1. Treat each spin label as a single point 7 Å out from the Cα along the C-beta direction, and report the D129 to S4 distance in nm.
2. Quick check: residue separation of D284 and D203 times 0.36 nm, minus the Cα distance between them. What number comes out in nm?
3. Run through the DSSP bridge list for the chain and note the antiparallel percent, rounded to the nearest 5.
4. Show me the trypsin sites (Lys or Arg not before Pro) within the range 238-339 that DSSP assigns to loop and that have at most 12 other Cβ atoms within 10 Å of their Cβ.
5. What number comes out for the charge environment of A282, summing +1 per Lys or Arg and -1 per Asp or Glu over other residues with Cβ under 13 Å away?
6. Would you tally the net charge around L260, using a Cβ to Cβ cut-off of less than 14 Å, leaving L260 out, and scoring K and R as +1, D and E as -1?
7. Considering only P142, G269, S168, whose Cα is most displaced toward the positive end of the charge dipole of the chain, charges sitting on Cβ of Lys, Arg (+1) and Asp, Glu (-1)?
8. Multiply the residue separation of N45 and E270 by 0.36 nm, subtract the distance between their alpha-carbon atoms, and state the gained length in nm to one decimal.
Amino acid sequence: MSTSIQDVARAANVSISTVSRSFTRPELVSKATREKVLRIAEELNFSTSRSAVALKTGRALRVALLVSDHIRLWFSASVIEGLNQVLHEEGYDISIFQISSIEERKEFFEMLPVRRNADAVIVVSFDIDNTEIAQLNSAAVPIVGINSVLPQERGFSASINIDDVQGSILAARHLISLGHRDIAYVRTDRDVSLHFSVQQRFDAFMECCAHSGIAPQVITATEGPTRISQVVTELLSMDRMPTAIACQEDGIAIPLIFQLMRNGYSIPGEISVIGFDNSVYAADIGLTTISQDPVELAHIAARLTLQLIDGQTPRAPFLLEPAQLIVRSSTGPCPKTHA
């Protein structure tokens, strides 16, 4: 049977209200009494009711998480893990809202936070428009972004972003320094109404190449189980195979390497491949990539969120984390036949 508050009060020889105050209003209880109550509560494996704590503090003890991609993917799963590691310790639950269509987007902003009752909203890789920001601001909840587009201009309360522009410039310069000029860029195809931060990766990569007189061929990997096969088909249909392929994310680069090798291409002897993320398996396969740490980004976002919920003003509310080029064995010099 579970331990009740009456059991704790009886064992500590105090009133039920004293037990309650020891958890919710500790300043009203002497230090000695509170320590005794907490010790006995721990021994009896007693925990306070979330609803009682919420009632006392006026908080829902819940943070809404708005994600723009599949939860099962490496980045989204890593962010959730990182947020939970910090927020759970502070007694907060996470309500996850996956937005993959215009209808889901509309429903989210109509329902939250009035009906969902959240203390803050964390937005991941998602560009909220001014109307949606106004809807959230009207409920007076902090809005914190992770890899969100123009968070300060959009009216976010705080944000932590990887420097996508810097990362893509590093990727482009790496390939160019190896002598590659026949370059392809593989990007994803998502609903145009959902603007993702990865757009900055594409724009920065193309601009950097343009400065060197290079115009990469762009291939769009449409959503679906055969998207990598379709990318390979498009590559093989080109008049001239590129000597280097830059991928918007490791989730494209890793399976693409396997399929290219199955088609008889040497990596990096004939084709160099670079990714973006430094996700799981990137090191195992030897993928050259741009590194980011979504778990750490989530830790920072969670701490910013807690500060804002407590009414504090973060010393640096808008943070930009530098990206890092990780050179491994999937990139090499341009083949002499193409130099």
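The values are calculated or read from the model by the stated rules, or taken from the named source; none is laboratory data. Everything numeric in this text was worked out from a predicted model, so none of it was measured. Every residue, glycine as well, gets a Cβ built from its backbone with ideal geometry; the counts of neighbours run over all protein chains shown. Just the protein is used for accessible areas: all its heavy atoms, side chains included, with ligands, DNA and RNA removed. Shrake-Rupley method; radii C 1.70, N 1.55, O 1.52, S 1.80 Å.
1. About 5.4 nm separates the two model spin labels.
2. 26.3 nm is the gain from fully extending D284 to D203.
3. Counting only bridges with both partners in the chain, antiparallel ones make up about 10 percent.
4. R240, R315, K336
5. Numbers: positive: R328; negative: E249, D250, D277, D284, D293.
So the surrounding residues net to -4.
6. Result for the neighbourhood of L260: -1.
7. P142
8. The span from N45 to E270 would gain 74.8 nm if fully extended.
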